[in-house]
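Since the structure comes first, as structure tokens, the remarks are kept for the end.
What follows is calculated from the coordinates using simple rules that are stated; it is not laboratory data. All figures in this text were calculated on a predicted structure; none of them were measured in a lab. Neighbour counts run over all protein chains shown; Cβ positions are idealised from the backbone, glycine included.
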Amino acid sequence: MLRLLFFLSLIVTSSCTKEKSTPDLTPPPTTSAPTAAQMNAAEQYSISKGGQTFLVVYDGKVIRESYANGGSAERVQLLGSGTKGFVGMLGVIAAEEGLINLDNPVVEVLTEWQNDPQKSRITYRHLLTMSSGLEELKDRLSWTDYLNARLLFPPGTTFIYGPDPNLFGLALQRKLGVEKVEDYINRKLFQPLGLRVEWRGRFADGNPQLSGGAYVRANEWYKFGEFVRLSLEDKWNGPRVASKSGVQTVISSSAAYPAYGFYWWLKEPVPVSVGKLVDSLNSNQYTTQIKPIIDEPIIPDDFMMCRGAYGQCLYVIPSRKLVVVRNAPASVTEFYKDHEFLTLLLKP
């Protein structure tokens with residue numbers, strides 16, 4: 001009996017020793033600021049692709065701010081589709097104020113659709129996640145022109161980079177009544193965050209192009225990213241804009257496209273079938289733009305961005321305490337890749 005107990009004790013001891021001796025090869029999470037060498041490499045890549053601005057903000061402090069190719073601290077930069085990030089936040093602001101219910105059909109104000117059994121099912125949330133199912137339309141003269149877009153897929157099922165932001169603007173305008181949407185977003189978002197946004201992109205009817213018409217200085221755009229980062233960490237102590245849960249809604253995945261929230265791009269896994277559908281309807285957007293980021297282990301899983309044509313980028317990585325801004329002119333001819341830039345900035 002004693003021999004048996006001794007033998008068993010050896011087995012247990014050996015097992016425990018073996019378990020403790022197994023090293024943990026998982027590297028600890030990196031929370032330090034990018035090094036000068038990392039920032040230099042990313043900056044030079046950006047410049048080589050026509051980049052005009054480069055800002056790196058770590059834990060609320062600007063640790064690199066530089067300009068090239070005609071850029072300057074006072075230059076008002078094109079945001080392109082980076083504009084949409086503002087509009088996504090506007091949707092949450094309006095919901096938290098009780099102006100809209102995100103899951104109500106917009107036909108309550110877009111009454112032109114009341115006799116359409118499919119369009120009448122489109123909700124504010126569908127418009128804010130680009131999942132209305134409406135076709136893309138270009139070169140329109142007014143917000144109301146988008147009401148005529150054909151419905152290609154049932155609402156909520158499919159991502160199409162289409163007219164949704166401007167239709168959301170139209171719906172919100174009808175909810176607001178007298179106050180203009182651009183005055184509302186200025187009062188509720190831009191002024192509290194200290195952003196001087198210019199709407200240089202407008203329709204013939206005077207309304208702002210909510211899909212891509214905003215211009216702002218790079219050293220102010222980052223404040224929007226800081227608001228998002230600090231709100232998610234429950235550390236925002238500035239003027240009231242939106243709640244933490246509201247910001248979380250903005251950067252939550254949609255069923256139609258997990259890598260997209262309320263006009264913010266996310267690092268979220270995308271089923272193969274969804275990726276193929278997104279590519280087929282949106283000029284291979286998934287494969288060329290977001291999949292390389294999703295597949296790159298160096299880029300943290302909580303990465304998010306507002307992204308516009310020609311490489312207008314606002315990157316936010318809460319786990320790294322980072323906000324990064326990069327802009328380029330519409331005349332740029334070099335193809336800028338987010339994945340290459342981010343890898344240079346983040347790799348050890």
Subject >> Of all residues in the stretch 189-214 being closer than 14 Å to Ser81 by Cα and under 17 Å from the mean Cα position of the chain (by Cα), the one that is surrounded by the most Cβ atoms within 10 Å (Cβ to Cβ) >> reply: Ala214
Subject >> Condition check for Asp103: over 25 Å from the mean Cα position of the chain (by Cα), surrounded by fewer than 17 Cβ atoms within 10 Å (Cβ to Cβ), on the phi < 0 side of the Ramachandran plot and in a loop (DSSP other than H, G, I, E, B) >> reply: no
Original post:
Does the stretch 309-331 contain at least one residue that is closer than 21 Å to Gly225 by Cβ, in contact (Cβ under 8 Å) with a residue 60 or more places away in the chain and surrounded by fewer than 16 Cβ atoms within 10 Å (Cβ to Cβ)?
Top reply: yes
Original post:
Taking Ser253, is it free of Cβ contacts under 8 Å to residues at least 24 places away in the same chain and of a type in the set (Ser, Thr, Tyr)?
Top reply: yes
Original post:
Conditions: (1) in contact with a Ser or Thr (Cβ under 7 Å, 6 or more places away or on another chain); (2) assigned to a loop (DSSP other than H, G, I, E, B); (3) within 21 Å of Met305 (Cβ to Cβ). Gly51 meets all but one. Number of the miss?
Top reply: (1)
Subject >> Complete set of residues in the stretch 259-281 that are of a type outside the set (D, E, K, R) and either in a helix (DSSP H, G or I) or over 25 Å from Pro300 (Cβ atoms) (or both) >> reply: Val272, Ser273, Val274, Gly275, Leu277, Val278, Ser280, Leu281
Subject >> Residues of the stretch 114-130 that turn out to be surrounded by 18 or more Cβ atoms within 10 Å (Cβ to Cβ) and either assigned to a helix (DSSP H, G or I) or more than 18 Å from the chain's Cα centre (by Cα) (or both), as a count >> reply: 9
Subject >> Only listed residue being surrounded by fewer than 21 Cβ atoms within 10 Å (Cβ to Cβ) and closer than 18 Å to Gly275 by Cα, chosen from Thr157, Thr144 >> reply: Thr157
